[in-house]
1. Please work out how much length the chain gains when fully extended from Lys106 to Glu33, using 0.36 nm per residue of separation minus the C-alpha to C-alpha distance, in nm with one decimal.
2. What span do the alpha-carbon atoms of the chain cover on each of the three principal axes, reported in whole Å from largest to smallest?
3. Given the DSSP H assignment, sum -39500 (n - 2.57) over each helix run of at least 4 residues in the chain and divide by its residue total; what's the result at 222 nm in deg cm²/dmol, nearest 500?
4. Starting from the amide H of Ile58, placed 1.01 Å from N in the peptide plane, find each other amide H under 5 Å away whose residue is 5 or more places distant or on another chain.
5. Evaluate E = 1/(1 + (r/R0)^6) for Asp90 and Arg24, where r is the Cβ-Cβ distance and R0 equals 35 Å; express this FRET efficiency to the nearest 0.05.
6. How large is ³J(HN,Hα) for each residue in the range 67-76, as worked out from phi by the Karplus curve 6.51 cos²θ - 1.76 cosθ + 1.60 (θ = phi - 60°), to whole Hz, x for Gly and Pro?
7. What percent does the relative contact order of the range 19-112 come to when contacts are Cα pairs within less than 8 Å and at least six residues apart?
8. At a Förster radius of 35 Å, what calculated FRET efficiency corresponds to the Cβ-Cβ distance of Leu59 and Met4, to the nearest 0.05?
Amino acid sequence: MSLMTPDPESYFRAFVPEQDELLRGLEDEARREGIPIVGPVVGELLFILARAAAACNILELGTATGYSTIYLGRACHPAGRVVTLERDEDFAARARANLTHAGLDKLVEVRVGRP
């Protein structure tokens with residue numbers, strides 16, 4: 001008998017809070033369009049780590065539609081700032097719209113270009 005969990009993603013999902021409508025919609029969109037996102041388990045881990053560190057300034061490389069950026073923005077200190085870099089203008093525009101919908105547009109800056 002193995003002590004390893006055969007499907008750790010499913011195991012850890014049991015510990016992740018229910019996603020809100022926006023995040024669920026972004027997950028569905030990512031599946032449909034083949035957009036790489038971190039998923040709810042890693043997203044929640046990012047949130048916990050940023051919150052535990054009392055992160056005031058966060059830099060994210062690679063935004064896509066802003067899925068992980070939402071977790072980071074929600075964890076960031078209210079007086080802080082998240083800067084996320086995306087090289088694709090279309091993804092950057094989608095991320096900005098999603099961040100506005102999440103109420104994070106004042107806290108998060110999406111920059112376009114290569115790091």
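1. Between Lys106 and Glu33, full extension yields an extra 23.5 nm.
2. For the chain, the Cα spread along each principal axis is 50, 34, 28 Å.
3. After summing the helix terms and dividing by residue count, I get -14500 deg cm²/dmol.
4. Distant-sequence amide H within range of Ile58: Arg81, Val82, Val83.
5. 0.95
6. Residue by residue, the range 67-76 yields 4, 5, 4, 5, 4, 5, x, 5, 8, 5 Hz.
7. 27 percent
8. Efficiency, from the Cβ-Cβ distance: 0.55.
Where a number appears in this text, it was derived from the coordinates with a stated rule and is not lab data. Only a predicted model underlies this, so the values are computations on that prediction, with no experimental measurement involved. With ideal geometry, Cβ positions are generated from the backbone for all residues, glycine too; neighbour counts draw on all protein chains shown.
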